[in-house]
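The values are calculated or read from the model by the stated rules, or taken from the named source; none is laboratory data. Since the model is a prediction, treat every value here as computed from it, not as a measurement. Methodologically, a virtual Cβ is constructed for each residue, glycine included, from the backbone with ideal geometry; neighbour enumeration extends over all protein chains shown.
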Amino acid sequence: MSLLDWFAERRKQTSLNLTGSSPFDKERQVREIADGLWQKCPACDTLTYTKDLQQNWQVCPSCGHHHRITAPERLEQLLDPGSWQPLNEHLAPTDPLHFFDQKPYSERLATYQERTQLKDAVLTGLGNLEGIPVAIGVMDFRFMGGSMGSVVGEKIARLTERATCDHLPLILFSASGGARMQEGILSLMQMAKTSAALQRHRDAGQLFISVLTHPTYGGVTASFAMLGDLILAEPGAQVGFAGPNVIEQTIGKGKLPEGFQTAEYLLAQGLIDAIVPRTELRKRLAQLLSMHRPRLHVSLPAISSEALTLQPML
Amino acid sequence: MTKSNDRLLLEFEQPVAALEQRIQEIRALAEENDIDASEQIRQLEAKAEELRREIFSQLTPVERLQVARHPRRPTTLDYVQTICDDWFELHGDRHGQDDPAIVGGLAKLGEQPVMILGHQKGRDTKDNIHRNFGMPNPAGYRKALRLMEHAHRFGLPLLTFIDTPGAYPGVKAEAEGQGEAIATNLQTLFRLEIPIICTVIGEGGSGGALAIGIGNRILMFEHAVYSVISPEGCAAILWKDAKKAPQAAAALRITAQDLLQLEVIDEILPEPVGGAHRAPLEAAQTLKQALLRHLKELSALSGRQLREERYQKFRRMGAFLELSE
Ligand SMILES: [Zn+2]
Ligand SMILES: [Zn+2]
């Protein structure tokens with residue numbers, strides 16, 4: 001079979017199992033994975049053509065494993081094309097403690113900024129979801145493990161205040177290892193800050209939907225992520241306050257219950273409202289939003305002067 | 001006066017301990033031989049006091065951490081017993097549990113009825129096991145939530161005392177929603193229309209501390225610490241070596257002086273020389289005076305103003321750049 005034939009074949013079957021009769025040799029597989037043409041599912045080892053994986057919202061067509069996605073990808077999947085208005089893109093992290101471990105924090109920041117093309121670990125803004133205006137924030141785990149420092153806290157607080165002011169429902173996607181240690185106590189205080197802003201949004205009678213994605217831990221779980229009026233999670237997402245390693249230190253290795261801290265476990269414990277596969281998220285979020293409208297005025301928010309004056313930063 | 005040998009000395013106190021040991025010996029010798037050594041003893045005692053003052057005035061962050069975790073350091077209930085004129089402990093989360101790692105109750109501070117909440121460490125090993133070393137489970141935070149709401153309903157000022165290594169990391173705690181329990185307290189504390197004064201009396205361990213740590217005033221004892229993560233935990237993650245805790249303690253900026261500078265706390269309460277555990281009654285008096293003073297200041301504000309002030313206070317915390325376009 002020529003490579004061209006083989007590609008034609010591939011279009012019929014969206015995915016291909018490594019353990020099955022693979023038409024191409026191991027070496028080539030490795031090379032093409034490295035090229036980014038194919039991706040191997042960490043859950044079932046199936047190789048999927050990268051473009052197909054993208055089309056399936058980065059969910060493995062074989063086993064349903066949800067691959068980690070970036071904040072820009074998430075926004076693209078959810079929002080109506082052209083509706084995204086980023087807010088507070090001019091906020092950038094600083095190094096208030098002059099924190100230095102193996103490397104200075106400022107150096108780490110620069111590395112992650114270059115690698116991700118993000119200033120910090122969250123994107124916030126306004127957009128329409130199936131025609132419904134929302135305020136939305138999405139964390140990006142690539143940026144220092146989605147850790148919450150002053151910029152994440154401030155951007156989420158400002159977004160929430162904006163949602164309160166404009167009578168908008170708020171949707172926050174979390175993906176975080178917890179507080180950003182390099183900002184010391186100031187990172188801890190972002191838990192307070194975000195919770196404060198959410199209290200006002202709640203008081204104003206507005207809806208907040210929290211969506212937990214893999215992984216969400218520590219200070220993010222113990223603040224905004226668990227404060228949703230409604231809390232959804234992606235299948236298999238691991239969510240908790242204390243990380244499994246920390247718990248194992250007290251109870252011993254290998255003593256954690258099967259499936260501990262997965263979305264399914266949280267659902268069984270009554271800690272979340274529902275598990276929604278990524279491929280259905282947009283539809284299901286729109287469904288929930290539509291059941292909470294109208295509240296106060298439902299007019300589409302005009303593009304605010306704030307958003308207009310903000311130039312995208314490089 | 002307590003004998004120095006049953007006082008659990010910290011390593012950096014050794015020079016003072018040695019001097020005090022010598023004073024004891026001289027005193028014994030003088031008595032034995034019927035000699036008046038009182039002048040010499042007075043001088044040595046002054047020197048020991050001076051030495052202790054000097055040592056405690058320049059503690060490193062990790063040494064302060066040891067003072068903050070000292071097994072004899074006064075706990076919430078110790079302070080309650082010494083500063084309150086009346087006390088009625090309240091129990092339970094009304095959902096099946098009563099967590100001994102958080103205590104709460106109604107008290108009178110002078111004439112003023114107040115609600116008190118605090119982490120509770122044990123006074124000895126047995127008590128510590130009972131108190132889970134001051135590490136609350138969700139039930140503890142939910143008991144705290146219930147008492148906060150009660151204080152709000154009846155217009156009682158809320159005084160909280162922070163002293164925990166952190167919220168308990170356990171399977172049951174996770175199953176019962178540790179994250180949700182903490183988060184709900186954070187949010188609720190911003191709704192209460194009462195004066196809230198929080199005091200870090202010992203160890204302020206991360207989210208587990210913050211869950212009762214949002215107030216109109218945040219006070220902190222001189223040798224208390226407050227951190228986003230334990231220095232040991234931070235060292236294990238960032239240095240891949242828990243023995244680097246002293247470096248992590250310094251880098252994290254966990255002392256009262258650091259927090260004042262970072263504008264997270266409002267006031268440092270001075271401790272007796274050698275730490276609060278050397279003179280608990282003196283420390284309690286300092287605490288009581290500060291609480292009364294702040295309560296008086298806050299009594300001038302309406303419930304709405306108190307709530308607004310608290311919002312603005314925490315809204316300002318953090319450090320970031322606003323790049324110009
Ligand atoms: Zn798979
Ligand atoms: Zn509730």
Members of region B:154-173 found to be more than 9 Å from every other protein chain (Cβ to nearest Cβ) and not in a helix (DSSP H, G or I), listed by number: B:Phe154, B:Gly155, B:Leu156, B:Pro157, B:Leu158, B:Leu159, B:Thr160, B:Phe161, B:Ile162, B:Asp163, B:Thr164, B:Pro165
Among residues of region A:32-56, those that are closer than 20 Å to A:Arg74 by Cα and away from ligand 1 (no atom under 13 Å from the Cβ), counted: 6
Residue list for region A:135-193, restricted to those being within 15 Å of the chain's Cα centre (by Cα) and of a type in the set (Val, Ile, Thr): A:Ile136, A:Val138, A:Val152, A:Ile156, A:Ile171
The one condition in (1) among the hydrophobic types (A, V, I, L, M, F, W, C); (2) buried (at least 24 other Cβ atoms within 10 Å of the Cβ); (3) free of Cβ contacts under 8 Å to residues at least 40 places away in the same chain that B:Leu189 fails to fulfil: (3)
Any pair with Cβ under 8 angstrom, 6 or more apart, that starts in region A:30-55 at a residue that is part of a loop (DSSP other than H, G, I, E, B) and ends at one that is small (Gly, Ala, Ser) and surrounded by fewer than 16 Cβ atoms within 10 Å (Cβ to Cβ): none
Qualifying position, being acidic (Asp, Glu), facing chain B (nearest Cβ under 10 Å) and crowded, with 24+ Cβ neighbours inside 10 Å, among A:Glu183, A:Glu161: A:Glu183
Tally, over region B:174-184, of residues that are more than 7 Å from chain A (Cβ to nearest Cβ) and crowded, with 23+ Cβ neighbours inside 10 Å: 1
Lone unmet requirement of (1) part of a strand (DSSP E or B); (2) away from chain A (no Cβ under 13 Å) for B:Ile194: (1)
Filter result (buried (at least 24 other Cβ atoms within 10 Å of the Cβ), more than 7 Å from chain B (Cβ to nearest Cβ) and of a type outside the set (Ser, Thr, Tyr)) within region A:144-156: A:Met144, A:Gly146, A:Met148, A:Gly149, A:Val152, A:Lys155, A:Ile156
Tally, over region B:201-239, of residues that are aliphatic (A, V, I, L, M) and assigned to a loop (DSSP other than H, G, I, E, B): 6
Residues that are in contact (Cβ under 8 Å) with a residue 40 or more places away in the chain and within 11 Å of B:Phe12 (Cβ to Cβ), drawn from region B:43-59: B:Arg52, B:Ile55, B:Phe56, B:Leu59
Helices (runs of 4 or more DSSP H) contained entirely in region B:240-325, each with at least 3 residues that are within 14 Å of chain A (Cβ to nearest Cβ): B:245-252, B:256-261, B:303-315
Residue match in region B:108-121 (condition: surrounded by fewer than 22 Cβ atoms within 10 Å (Cβ to Cβ) and in contact with a Cys (Cβ under 7 Å, 6 or more places away or on another chain)): yes
When residues of region A:62-83 are limited to those that are within 16 Å of ligand 1 (Cβ to nearest atom) and buried (at least 20 other Cβ atoms within 10 Å of the Cβ), the one nearest to A:Glu264 (Cα to Cα): A:His66
Test: residue in region B:270-292 that is touching a Lys or Arg at 6+ places or on another chain (Cβ under 7 Å), more than 22 Å from B:Glu54 (Cβ to Cβ) and hydrophobic (A, V, I, L, M, F, W, C): no
Helices (runs of 4 or more DSSP H) contained in region A:217-314 and holding at least 3 residues modelled with pLDDT of 95 or more: A:218-221, A:263-268, A:278-290
Residues located in region A:227-261, provided they are under 16 Å from A:Phe173 (Cα atoms) and surrounded by fewer than 21 Cβ atoms within 10 Å (Cβ to Cβ): A:Asp229, A:Leu230, A:Pro235, A:Gly236, A:Gln238
Matching residues, region B:269-291, being surrounded by fewer than 19 Cβ atoms within 10 Å (Cβ to Cβ) and closer than 30 Å to A:Met181 by Cβ: B:Pro270
